[in-house]
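What follows is a set of notes on a single structure, which appears directly below.
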Amino acid sequence: MYKTIRGTKDILPEEALLWQEAESRARRIFAVYGYKEIRTPLLEEAELFNRSLGETTEIVQKQMFLIKRDSDTIALRPEGTASVVRAWLENHLDKQEHFSKLYYLGPMFRAERPQKGRLRQFHHIGCEAIGSLSAELDVEVISLLNRILGEIGVKDFELRINSLGCAEDKKRLSAALKKSLKGQLKELCEDCVERYQRNVLRILDCKKTECKEAVGKLDILDSYLCEECGSHFKSVLEGLSSSGIPYKMSNQLVRGLDYYTRTVFEATSDKLGSQDALAAGGRYDMLIKELGGDTEGAVGFALGVERAMLSMDGGLKIPQHQLQAYIIPLSRNARQACLNTLQALRNNNIISDMDYENRSLKANMRKANDIGARFALLVGDDEISNKSVAIKDMLSGTQESVAVDNLQRILKDKLGS
Ligand code: HAM
């Protein structure tokens, strides 16, 4: 028997209903906030991610699923931001719209070690607002995340926020960190010793206890922010407060992707164990230029759907699509008449189905009960010659015979539709 690949998972029909509901609620809220959907390919040139996320990031170093074809190296997209910016530039939305608010839903791929809440194929609900440096937009994006999480039933989460400042500020912070961590390299995990050389900022959000302790002892002030970045961050925080969005400042939040500048944020849930990030995002003001455009300013987030599902409080209410009529042929001869009735009911949008397994009447009644059909429709030789159908009410157990010509009307009346 074949099995799913490690770190991937089937979403079976019951669960898929939950997904549909979460996705449709998210789409509705995106529309309310003026975001339009964009769909980009799952395959992109690997170089796009090397360039956008940074050569030294964990994703690029270790986690990309790569496909080599001739001289091309193609990647299964590990995230959506780089693809959306690529699409925005390639399709000249930068020239046509200058400022765009886009959202996306879909699978992402990272070759991580699978564990609870950490998959190799997982799904993002995300958005990117491209073409503005305004702090008001950071507030909008965070409030949008807040609203979507609430709308899909995730109530209990914490929003952490920080500002990395501009490229110069990030350099200043890295230099300060290198200086303060120099004497403590022995206390860090193996990965962080490497990070010290390549990407020292990442040490700040290492999840290992020894590194957390070492970092905890540091006196990292937010004084690395230049005046402009400091005032941008202040505006973001004031905007959040006046919108009534609770947040916690965290100067250890740096995020694992190089494109971030200024505001970064993460929503975490204690229902998730060690993989506690539900959603994350921030500004990436320089990425458009990095990818060949001439605009500055962009901000977005991505929410991990699997993790959101693990953190739902009380779950989502799924609209029920109860089977309204289950048709049971009582003889071979009756099958064609049943098929005709089935088609007529479906043309009238009555949720209906029929026995395709030639079960006995008893087995079919059991099945109608098991699948929760509201009515069973019985058609045998007598019904064909009388041009009638027997309707059995599966709740009350009563049965009546009605003329085929009146079936639709009577059923609709009974169903109240
Ligand atoms: P990210 O933090 O890499 O950010 O991913 C966002 C969210 O995706 C995480 O908070 C988590 O919920 C989920 N996630 C990440 N990796 C996995 C995994 N292996 N298994 C299950 N869930 C996972 C980004 O991807 C950025 N593109 C977000 C962004 C958008 N920044 C600006 N715009």
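The residues on offer are Gly126, Gly106, and the sole one that is outside any loop (DSSP other than H, G, I, E, B), within 13 Å of the ligand (Cβ to nearest atom) and touching a His at 6+ places or on another chain (Cβ under 7 Å) is Gly106. State all residues of region 7-42 that are surrounded by 15 or more Cβ atoms within 10 Å (Cβ to Cβ) and at positive phi; if no residue qualifies, say none. Of everything in region 7-42, just one residue is surrounded by 15 or more Cβ atoms within 10 Å (Cβ to Cβ) and at positive phi, namely Gly7. If you check Arg332, Arg366, Arg346 for being surrounded by 13 or more Cβ atoms within 10 Å (Cβ to Cβ), basic (Lys, Arg) and farther than 18 Å from Val402 by Cα, only one passes: Arg346. For region 80-91, the condition of being modelled with pLDDT under 95 and not small (Gly, Ala, Ser) holds for none of the residues. The single residue among Ala26, Ala16 that is at pLDDT below 95 and not charged (D, E, K, R) turns out to be Ala16. Cβ separations smaller than 9 Å between residues 6+ apart or across chains give the following pairs from region 248-266 residues that are in a strand (DSSP E or B) to residues that are more than 12 Å from the ligand (Cβ to nearest atom) and of a type in the set (Lys, Arg): Thr261/Lys170. The set of residues in region 82-103 being part of a helix (DSSP H, G or I) and either touching a Gly at 6+ places or on another chain (Cβ under 6 Å) or more than 10 Å from the ligand (Cβ to nearest atom) (or both) consists of Arg86, Ala87, Trp88, Leu89, Glu90, Leu93, Asp94, Lys95, Gln96.
Test Tyr326 against the stated conditions and say whether it is in contact (Cβ under 8 Å) with a residue 40 or more places away in the chain, more than 25 Å from Ile130 (Cβ to Cβ) and of a type in the set (Phe, Trp, Tyr). Answer is yes for this residue.
Scanning region 190-243 for residues that are surrounded by fewer than 16 Cβ atoms within 10 Å (Cβ to Cβ) and in contact with a Ser or Thr (Cβ under 6 Å, 6 or more places away or on another chain) returns Arg198, Ser243. Of the residues making up region 252-275, at least one is surrounded by 18 or more Cβ atoms within 10 Å (Cβ to Cβ), in contact with a helix residue (DSSP H, G or I) (Cβ under 7 Å, 6 or more places away or on another chain) and more than 26 Å from Leu181 (Cβ to Cβ). Can you say whether Lys170 is more than 29 Å from Ile245 (Cβ to Cβ), in a helix (DSSP H, G or I) and among the basic types (Lys, Arg), as far as the supplied structure shows? For Lys170, the condition - more than 29 Å from Ile245 (Cβ to Cβ), in a helix (DSSP H, G or I) and among the basic types (Lys, Arg) - is not met. Scanning region 43-64 for residues that are at pLDDT 95 or above, open to solvent by 70 Å² or more (accessible area, probe 1.4 Å) and either of a type in the set (Val, Ile, Thr) or closer than 23 Å to Arg118 by Cα (or both) yields a count of 1.
So, Asp382, is that one surrounded by 12 or more Cβ atoms within 10 Å (Cβ to Cβ) and without any contact (Cβ under 8 Å) to a residue 12 or more places away in the chain or not? The answer is yes for Asp382. Here the strands (runs of 3 or more DSSP E) wholly within region 275-351 that include at least 1 residues being more than 19 Å from the chain's Cα centre (by Cα) and more than 30 Å from Lys208 (Cα to Cα) are 298-304, 325-329.
Among the conditions (1) away from the ligand (no atom under 11 Å from the Cβ); (2) open to solvent by less than 10 Å² (accessible area, probe 1.4 Å); (3) assigned to a helix (DSSP H, G or I), the only one that Gly153 does not satisfy is (3).
When Glu112, Glu140 are checked against the criterion of being within 15 Å of the ligand (Cβ to nearest atom), more than 23 Å from Ser24 (Cα to Cα) and either part of a strand (DSSP E or B) or open to solvent by 10 Å² or more (accessible area, probe 1.4 Å) (or both), a single residue qualifies: Glu112. Ser401 fulfils the conditions (1) part of a strand (DSSP E or B); (2) buried (at least 18 other Cβ atoms within 10 Å of the Cβ) except for a single criterion, (2).
Residues of region 256-301 that are among the small types (Gly, Ala, Ser) and either within 8 Å of the ligand (Cβ to nearest atom) or at pLDDT 95 or above (or both): Gly256, Ala267, Ala277, Ala279, Ala280, Gly281, Gly282, Gly292, Gly293, Gly297, Ala298, Gly300.
The values are calculated or read from the model by the stated rules, or taken from the named source; none is laboratory data. As the structure is a prediction and not an experimental result, all values here were calculated from the model. Cβ: placed from backbone, ideal geometry, glycine included. Neighbour counts: every protein chain shown. Each accessible area value is taken on the protein alone, full model and side chains, heavy atoms only, with ligands, DNA and RNA left out. Shrake-Rupley method; radii C 1.70, N 1.55, O 1.52, S 1.80 Å.
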